[in-house]
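**Q** Dropping the structure in here first, questions after.
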Amino acid sequence: MVDVTSNMAAPRRVSKAAPASIAVDVVTDIEVIRATVAAITPDMVFTGYQHPAFLSAWVGSAGCAPMFLKFAVVGHGPVLLPLERCDNGVAGYCGGRHANGNFPVGRREDIAALSDAGETAILSAIKAAGIPANSLFLERQHAKWHNLANPFVFASSVASPNIALSFSIDGDLDTVLKTHGGKSKRKKLRSYRRKLDAKGSVEFLHPVPTEQVSRYLDRFLALKAERFRQAGIANVFGDDRIKAFLLDLFTDGAPDHTLHGLTLDGEIIAVIGCTRHANRMTVEFGSFEPEHAQLRPGELLFFSAIAHACETGIEIFDFGIGDEPYKRSWCDIETVHMDTTIGLTLAGKARAFAQTNRSRAVRAIKSNDRVWSAVKTARRALARR
C-alpha cells in the first residue's frame with residue numbers, strides 16, 4: 001500500500017514579511033450564489049465536489065443555507081470557498097457528508113497567491129470578515145490538488161478519520177489485472193458470473209440511461225437504507241432533500257456524474273454512483289441486493305465498471321472514502337484528507353476544539369483493526385434490539 005504523504009500537510013513557516021492584504025466577501029444571497037456557480041469555468045481548479053453541476057444540484061435541492069466566501073489577495077483574482085451554514089451555526093463545504101475530497105475553487109495563480117499569504121493572514125481575514133457563523137468546519141480536504149497546495153490546510157489541521165483508496169490505470173484491463181491480482185481475481189469473478197448467468201439474463205449498464213436514473217436511484221436508496229439499518233448506522237441518504245439532490249445531479253450532471261447498474265432478469269441487483277473529473281473516476285456510493293450476496297453482484301459490477309474505465313480513458317479509479325477488504329484487493333494508493341476547524345465565537349471555539357479531538361479519536365479507533373471490528377459488532381448488535 002502506498003501512503004500518499006503528499007496529501008498530508010507539512011507545517012507552514014510563518015513569514016516575517018508584512019502580512020498580505022486579503023479581502024473576504026461573504027455571499028448569502030441565493031441568486032448571487034447561483035450566478036457564482038454558473039461562473040465557474042473548466043480552466044479553474046476544482047474537484048468533483050466543487051464542480052458546477054454538484055454545487056448547482058446541492059444548492060437547488062439539499063443542505064443548509066448556502067454561504068460562499070470569496071478570498072482575494074491584493075492584485076489577484078478571487079478564490080471561492082463554497083460553504084453552507086447549518087442550524088447549529090457551523091459552516092462547512094456544500095455537500096456535507098456527500099462531499100468527500102474538497103478544495104477551494106479558483107485559478108491556479110490566485111490559489112497559489114492565497115497559499116503564499118499564509119495561515120496567519122488568512123485567519124486574520126476570516127475573523128475580520130464578520131462571517132455569520134460560530135465556526136468553520138472544513139472537512140475531508142485535499143492538502144494538494146494537481147500539485148497545488150490548499151491554502152485552508154493549516155499546521156493545526158488534522159487527518160480526517162477515513163482514508164480514501166484508489167489505483168492507477170496504466171493500459172487495458174489485462175494490464176491492470178497483472179498488477180492487481182490478475183489470475184486469481186479473474187478466475188473468482190468468472191465463477192461468480194457463471195453462477196449469476198445460470199440464474200437468468202444478466203445486463204451491465206455503463207452508464208444507466210437518463211430516463212432510468214430515477215428507477216435505479218430509488219432502488220439504491222431502498223437497498224442502502226436496509227443495509228444501514230442492519231449495521232446500526234444512521235442513514236445519510238434518508239432525507240428527501242438528499243434524494244432530490246441525487247436525482248438532479250445524476251439526471252442533469254452526466255457525463256461527469258453517472259449511475260452504473262447490474263440487472264438479473266430486469267431486476268436491479270447492484271448500483272453504484274460515480275463522479276468523473278478530468279481523468280479520475282470516483283465511486284460515491286453503492287449497494288447490492290443481499291438475496292444474491294453469495295454471487296457477489298457488487299464485486300461483479302465494480303469489475304465491469306473498472307473494465308469500462310479502462311476503455312474510456314480513466315487514469316485513476318477511486319473507490320472513495322472508507323477502508324474495506326474489496327477496495328484493498330484493488331488499490332495501492334492511500335489518500336489521507338485533512339480537516340480544518342476555525343472557531344469564530346467563544347461557543348464556536350469550543351465546538352472546533354471538540355471536533356478536532358473527535359476526528360483524532362475516530363481515526364485512532366479506525367486505525368486499530370481489533371477495536372474497530374469490536375465497534376462494528378456492537379453497533380450491529382444494538383441495531384438488532
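Readers should treat all values here as calculations from the given coordinates under stated rules, not as data from a laboratory. The model shown is predicted, which means the values in this text are computed figures rather than measured ones. Here the Cβ is made from the backbone with ideal geometry for all residues, glycine too, and neighbour counts use every protein chain on show.
**Q** So, with +1 on the Cβ of K and R and -1 on the Cβ of D and E, and no other charges, what is the size of the charge dipole of the chain about its Cα centre, to the nearest 20 debye?
**A** 1700 debye
**Q** Provide, as a two-decimal number, the C-alpha radius of gyration of segment 170-314 over 2.2 N^0.38 Å, N being how many residues it has.
**A** 1.06
**Q** How much length would be gained if the chain were fully extended between Asn147 and Ser191, taking 0.36 nm per residue of separation minus their Cα-Cα distance, in nm to one decimal?
**A** Going from the current span to full extension adds 11.6 nm.
**Q** On to the next question. May I ask you to compute the full-extension gain from Thr312 to Ala128, defined as 0.36 nm times their residue separation minus their alpha-carbon distance, rounded to one decimal in nm?
**A** Here the answer is 61.5 nm.
**Q** Ok, one more. Amide H to amide H under 5 Å from Ile169: which residues, 5+ apart in sequence or cross-chain, H placed 1.01 Å off N in plane?
**A** The list, which skips near neighbours in sequence, is Ile316, Phe317.
**Q** Please report, in debye to the nearest 20, how large the charge dipole of segment 170-314 is about its Cα centre when each Lys and Arg carries +1 at its beta carbon and each Asp and Glu carries -1 there.
**A** 860 debye
**Q** Can you pull out the cysteines in the chain that have no other Cys Cβ under 4.7 Å?
**A** Result for the chain is Cys94, Cys274, Cys310, Cys331, no neighbouring Cys Cβ within the cutoff.
**Q** Roughly speaking, what is the stretch gain from Tyr326 to Arg360, that is 0.36 nm per residue apart minus the C-alpha to C-alpha distance, in nm to one decimal?
**A** 9.7 nm
**Q** With Cα Rg over 2.2 N^0.38 Å as the read-out, I listed (i) 0.94; (ii) 1.25; (iii) 1.02; which label goes with the value calculated from this structure?
**A** Looking at Cα Rg over 2.2 N^0.38 Å for this model, the match is (iii).
**Q** Taking only DSSP H segments of four or more residues, each worth -39500 (n - 2.57), what value at 222 nm results for the chain once the sum is divided by all its residues, to the nearest 500 deg cm²/dmol?
**A** -12000 deg cm²/dmol
**Q** So what is the relative contact order of the chain, in percent, for Cα pairs below 8 Å that sit 6 or more residues apart?
**A** Reported relative contact order: 23 percent.
**Q** Also, quick follow-up: What is the calculated FRET efficiency for Lys349 to Ala39, with r their C-beta to C-beta distance and R₀ = 56 Å, to the nearest 0.05?
**A** Given R0 = 56 Å and the Cβ-Cβ separation, E is 0.95.
**Q** Hey, another quick one. Given H placed 1.01 Å from N in the peptide plane, which residues other than close sequence neighbours of Gly320 have an amide H under 5 Å from its amide H?
**A** The list, which skips near neighbours in sequence, is Leu165, Val283.
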